[in-house]
Structures are given as C-alpha cells and as structure tokens.
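Please read the structure below before turning to the comments.
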Amino acid sequence: VQLQASGGGLVQAGGSLRLSCAVFGPTFSRYALGWFRQAPGKGREFVAGISWTGNTTPYADSVKGRFTISRDNAKNTMYLQMNSLKPEDTAVYYCAARGDYSGTYYPEWAMDHWGNGTQVTVSS
C-alpha cells in the first residue's frame with residue numbers, strides 16, 4: 001500500500017486548504033486512515049482519523065470544529081478540509097493507514113503505512 005499526500009501550500013490566517021491523500025493498493029475500503037502533522041522542532045501529532053466505514057471520525061482537540069476528515073472509497077482518496085487556519089497549524093502533514101480498524105485511537109505506532117508529507121504554512 002502506498003499513500004501520497006497533496007494539497008499543502010501557503011495561506012493567510014483564517015483561510016482554508018483541502019489536503020488529499022491518494023491510496024494505491026488493494027482493499028482501500030478496509031483501511032482506517034489518519035492525518036498527522038509535525039511542526040518545526042516538535043514531534044509528530046495526531047490530527048484526525050476516519051474508520052474504514054467512515055462512521056467514526058476522531059479529531060485532536062486543537063482542530064475540532066475547524067477541520068473535517070472524509071474519504072471517497074470509489075476514488076481511493078482521503079481528504080482533510082481545513083478551515084479557519086491559524087499560524088499554529090503550520091506543519092508538515094502526513095497521511096497514514098491501518099488495517100481494519102473502527103475505533104477512535106490512532107497512535108503513530110499503530111499505523112501500518114505512511115505517505116509523504118505535504119507542507120502547510122499559515123501566515124499571520
């Protein structure tokens with residue numbers, strides 16, 4: 001399974017971006033997917049997850065109400081709609097996959113596959 005993230009860029013505070021993560025490989029619909037981010041000088045942190053059914057979508061407290069995760073199983077793609085962006089959202093964003101999971105816990109060590117990162121920069 002390979003994942004490819006895209007959609008990052010430079011945006012002013014208060015603006016929006018939509019990240020995409022294309023997943024290449026069999027049985028996309030059986031994977032739970034997640035977005036993580038790593039800001040300069042900090043560790044990687046969980047942002048949002050979506051179960052393989054799409055019914056469970058946990059979020060980090062810092063992005064609740066501003067970010068929305070979704071998936072399109074017909075296109076083998078996951079999205080992260082980011083609204084009301086803040087300078088503290090500046091980070092490299094990564095997508096990741098884990099098999100057959102429908103819960104709300106997405107630690108880094110549990111993710112089976114990782115994609116490349118895409119840079120998001122929010123200017124003040």
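We did not get these values from a lab; they are worked out from the coordinates using the rules stated. Because the structure is a prediction, the values reported are computed rather than measured. Cβ: placed from backbone, ideal geometry, glycine included. Neighbour counts: every protein chain shown.
Side notes on the structure shown:
- Radius of gyration over Kirkwood radius for the chain, both on Cα atoms: the Rg/Rh ratio is 0.94.
- Proximal lysines to K86, defined as alpha-carbon separation beneath 16 angstrom and excluding residues fewer than eight positions away on the same chain: K64
- Cβ-Cβ distance of N83 and T56, R₀ of 22 Å, FRET efficiency by 1/(1 + (r/R0)^6): the value works out to about 0.55.
- Relative to the Cα centre, the charge distribution of the chain, modelled as +1 at Lys and Arg Cβ and -1 at Asp and Glu Cβ, gives a dipole magnitude of about 160 debye.
- Phi angles of segment 102-109 translate, via the Karplus equation with coefficients 6.51, -1.76, 1.60 and θ = phi - 60°, into HN-Hα couplings of 10, x, 10, 10, 10, x, 4, 5 Hz per residue; Gly and Pro are given as x.
- Options Q2, P40, T121, ranked by Cα towards positive dipole end of the chain, top entry (Cβ charges): T121
- Coupling constants for segment 22-31 follow from the phi torsions by the Karplus curve (6.51 cos²θ - 1.76 cosθ + 1.60, θ = phi - 60°), and in residue order they are 8, 10, 10, x, x, 6, 4, 5, 8, 9 Hz; glycine and proline get x.
- Euclidean distance of C-alpha centroids, segment 1-72 and segment 89-107, integer Å: 7
- For the chain, built as a Gaussian network whose Cα springs stay under 10 Å, the top-fluctuating residue of G43, G25, G15: G43
- Extension gain, T68-A13: 0.36 nm per intervening residue step, less the Cα-Cα distance, totals 18.1 nm.
- Here each label is just a point 7 Å from Cα along the line to Cβ, and for A110 and Q38 those points are 2.1 nm apart.
- The chain: most fluctuating residue of A32, A91, A13 per GNM, C-alpha cutoff 10 Å: A13
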